[in-house]
Amino acid sequence: MAYTKSQDPSSRPAGLDVAVTVPDSIANVERVQSVRTPIRIEYTYTPGKALSTYLRGMKEKKILAERCPQTGQVFVPPRGVSPVAGIPTEGPVELPDTGYVESFNITRVPIASRPELEPPYCSAWILLDGASVGFMGLVINIEPESVKLGTRVRAVWKPDDELEMSATNVLGWEPTGEPDVDIPDIETIGQKGELE
Amino acid sequence: MRDSGLRDIAIVSFAQRQEAAIRDESEVEFMVPLMAQAKADVGLTQQDMGFTCSGSSDFLAGQAFSFVATIDGTGPVPPISESHVEQDGAWALYEAWVKLQCGDIDTAFVYSYGRSSPGSLRDVLATQMDPYYVAPLWPDAFAIEGIAARILLESGKVSERQLAEIASRSRENAASNPNAVRRTPKSVDEILAEAYLADPLRPSDIPASADGGCAMVLAAGDRARELCDRPVWIRGIDHRIDAHTLGVRDLTTAMSARIAAEKAGVGNDKIDFAELHAPFTTSEAVLIEALGLGDDVVINPSGGALAAHTMMAAGHIRFGEAFERIARGDGDRAVVHATAGPVLQQNMVAVLEGD
């Protein structure tokens, strides 16, 4: 069936073809084209027991994880609960500041909100030694093109007098120079927790 | 509802926690024990649940997708069938009820939570207003309710003394509720002597803010009877929405609540008690009229949302309070109400019954 103009879904509604008139009293007032309504709400954030322990550890250059009492999996950063078993985790479990690159990506365009990140840079999914899940970090002190799946890395910490209760204490992860970890099957990446 | 072709669906377990402020634990840390308790009470695990639905708000948490962290607490491995509403948990319960009505599952897990203490709730609630003309003015949530209260008083439908009576009764009922926050008794005259906080509302007219949450298991038909001694059946449930713009509504009534009550079948039989999600004394006065509740109905035996107002869970907790009361034999038929939005904009009404 052919559309007539009024039935054509891509045609403008008839109401929009009517000329808009305004009262004389505001006839010469500049038309409002858009409004900006900025929203800012401030919160006093409390991260919970497990993350508080983790952040306090950061100030001591310690990485404090937690363990699932049912599956034995070690989660970092800890959220206080095992997302596999749905029960509280136990801790703290101190992990070394070494691990390897499980997956990575090279970014070649700048991000307006992160001017300190100069492209190209490498962000990676880093699996710490002893952890069951990885987390995001920057791989530094290496050409991004040289990063490989399995590259061994170590944390680069801020100077001791600048340490805070913050994950930003780790500036990035640099290669240790050890032999790469063998990842025989890329299908297993990110599934260490499930394999255990 | 048995003649309507709908399935019989019941609440079979409930757990809650409300405190003036929960500062040490994260949302998932304080929800995990509640989730575990609601499931353990009926001998079920997460893998026994046909569906899981939750209610919470990123605007309270101050974090995008904050609810994702809380799903961890359910133990969602292997993957579960799950949904979330940016609404009070009563609406999560409604989604689970609809899912159960579809007939392919017999159990559902519903939880909700909110922590208002990290931010200023009066400001956070301004963000739910019309984003062009009202929200940019950052109207204080209590002031909005104060304007509506002034209209209500001037209509002659209720007096300040009657509002103080509601506040006094809430405090009295809450005294025996360990989950209530405002539990100190106060006489009507003492309340009338309070200075206005948002004229004409006094501190006792305004909800006691709480952090916390609740968890609940729903089950259909014979499965519900297997799981607990006295399932509490949801005999009718309906929710309606009034206009968003306050200026086009009659704020002395709640048309959406009235329609929801009719659809839920509130007037079909005698009501023993009502758990109304009435954050303000004015909300309670408006709701009693809109729902057509008579003098013989006990209103908010738990103390209601005035005594403990956990944003995103307060409506859901009304279902839980009514469930516990009926399950232990303190009443057979109850009206439950949940609200959302400014000045009772959105309303859900349900009728709960024991066998």
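Since every read-out is calculated from the coordinates, none of them should be taken as a lab result. Since this is a predicted model, take the numbers as computed values, not measurements. Every residue, glycine as well, gets a Cβ built from its backbone with ideal geometry; the counts of neighbours run over all protein chains shown.
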Integer Hz, Karplus 6.51/-1.76/1.60 couplings in order for region A:159-171, x for Gly and Pro
x, 3, 7, 10, 5, 10, 7, 7, 5, 6, 4, 8, 6
Per residue of the protein assembly as shown, what 222 nm ellipticity follows from adding -39500 (n - 2.57) for every DSSP H run with n ≥ 4, rounded to the nearest 500?
-7000 deg cm²/dmol
Run a plain Debye calculation on region A:149-190 (Cα atoms as equal point scatterers, no solvent) and give log10 I(q)/I(0) at q = 0.13, 0.14 Å⁻¹, rounded to two decimals, same order as the q list.
-0.43, -0.48
Label-point separation (nm) for B:Glu190 and B:Arg225, each offset 7 Å from Cα along Cα-to-Cβ?
4.9
Taking 8 Å as the Cα distance limit and 6 or more residues as the minimum spacing, I'd like the relative contact order of chain B as a percentage.
25
Ordered by residue, what ³J(HN,Hα) values in Hz, to whole numbers, does region A:91-102 give under the Karplus form 6.51 cos²θ - 1.76 cosθ + 1.60, where θ = phi - 60° and Gly and Pro are x?
x, x, 10, 7, 10, x, 8, 10, x, 9, 7, 8
For region A:42-85: rounded, prolate or oblate by the Cα gyration tensor [a/c cutoff 1.5]:
oblate
Could you work out the local net charge near B:Arg225, counting Lys and Arg as +1, Asp and Glu as -1, over the other residues with Cβ closer than 12 Å to its Cβ?
-4
List the pairs from B:Lys186/B:Lys270; B:Lys157/B:Lys263; B:Lys39/B:Lys263; A:Lys49/B:Lys39; A:Lys49/A:Lys158; A:Lys49/B:Lys99 whose alpha-carbon separation is above 29 Å, in the order I gave them.
B:Lys186/B:Lys270; B:Lys39/B:Lys263; A:Lys49/B:Lys99
Counting partner chain Cβ atoms within 10 Å of every residue's Cβ in B:21-28, what's the average?
5
Calculate log10 I(q)/I(0) of chain B for q = 0.13, 0.14 Å⁻¹, where I(q) comes from the Debye formula with a single equal point scatterer on each Cα and nothing for solvent.
-0.97, -1.13
A:Met136, B:Met129, A:Met165 arranged by Cβ crowding within 10 Å, fewest neighbours leading
A:Met136, A:Met165, B:Met129
Cut-off under 24 Å on the C-alpha distance; same-chain residues fewer than 8 positions from A:Lys148 excluded. Which lysines are left, in chain and number order?
A:Lys192
What does the structure give for B:68-79 when I average, per residue, the other chain Cβ atoms found within 10 Å of the residue Cβ?
4
Net charge, B:Ala143 excluded, C-beta distance under 12 Å - Lys, Arg +1, Asp, Glu -1
-2
How do A:177-184, B:100-107 rank on mean C-beta neighbours within 10 Å, highest first?
B:100-107, A:177-184
